[in-house]
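Quick notes on the structure that follows.
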Amino acid sequence: MKPEEHLIPPKSHVYLDGPKSRGFELSFAFRVFWQFLRGFRKLHFIGPCITVFGSARFKEDHKFYIAAREFGKRISALGFVTMTGGGPGIMEAANRGAFENGGISVGCNVQLPFEQQPNPYMNKWITFEHFFVRKVLLVKYSYAFVIMPGGFGTMDEFFETLTLIQTKTITQFPIVLFGKEYYKELWDVLEHMANNGSIAKEDLSLVLLTDDIDAAMSHIRTYISTNYKIKPRKLSPWLMERR
């Protein structure tokens, strides 16, 4: 590959090329605010969600796609909305499982030069320009998180969510790390951190590592039913709100 060739075409630099004009910075702040506002209006009445994270690269005959599809089905049976990043692979599988079984399926997509096209198994979705806006929305409406096998993006979402729970920035919602063999080395690293005192050993209890969908859903169901009560939100006709 030639040095000038890129797997992902670069976006225009915003963060790392120094301060821009005041007008540019103000317009950037307004664009971010507008993305948040659109997301809040779109998702405010969807009901409590369980978010499934995972790779965009697994095809429908892959064992992890099949498992994610079953998760979507189980989440809908539990009465929750299945939320994903809205793209292909694991995201499509979880949305598909919910959609095909009469559940509500939603996605928070992001603009990318490849991989990230909205999958066809969603009742509702929204596309964001920036990853950090998207991640806020994926976490904001969820009562539990399922981390399927994935790459850099999945690890980013996993560790950010785990950090928010560890620091009590958000409520201690259950996190399921699915795929014992896939995540074996990662779990070894987490235990290494705990043994060296960089995280507390109790922090490992924030995550359930499993290969068993039944165990995962039982963990989520028990935790949610024990700790949380869902309050329906009322529509405001003055704000032209819709479910």
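The values are calculated or read from the model by the stated rules, or taken from the named source; none is laboratory data. Computed from a prediction, not measured in an experiment: that's the story for all the values here. No Cβ is skipped: glycine too gets one built from the backbone with ideal geometry, and neighbour counts run over all protein chains shown. When the accessible area is computed, the model is the full protein with side chains, heavy atoms only, and any ligands, DNA or RNA have been set aside. Shrake-Rupley method; radii C 1.70, N 1.55, O 1.52, S 1.80 Å.
Size of the stretch 48-121 along its principal axes in angstrom, Cα-based, largest extent first?
The Cα atoms of the stretch 48-121 stretch 35, 25, 17 Å along the principal axes, largest first.
Using only C-alpha positions, report the orientation-averaged shadow area of the convex hull of the stretch 22-159, nm², one decimal.
8.2
If DNA, RNA and ligands are ignored and the probe is 1.4 Å, what is the ranking of Glu60, Glu92 by accessible area, most exposed first?
Result of the area sort, largest leading: Glu60, Glu92.
Going down the list Lys73/Lys184; Lys124/Lys184; Lys63/Lys124; Lys135/Lys201; Lys135/Lys168, which pairs span over 24 Å between their C-alpha atoms?
Over 24 Å Cα-Cα: Lys73/Lys184; Lys124/Lys184; Lys63/Lys124; Lys135/Lys201.
First measure r as the distance between the Cβ atoms of Ile46 and Asn196, then evaluate 1/(1 + (r/R0)^6) with R0 = 30 Å and state the FRET efficiency to the nearest 0.05.
It comes out at approximately 0.15.
With a probe of 1.4 Å, find how much accessible area the stretch 119-229 has per residue, and write the answer as a whole number in Å².
Ligands and nucleic acids excluded, the figure is 51 Å² per residue.
Please work out how much length the chain gains when fully extended from Leu112 to Leu26, using 0.36 nm per residue of separation minus the C-alpha to C-alpha distance, in nm with one decimal.
28.6 nm
Express the carbon and sulfur contribution to the solvent-accessible surface of the stretch 104-193 as a percent, rounded to the nearest whole number, probe 1.4 angstrom.
Here it works out to 60 percent.
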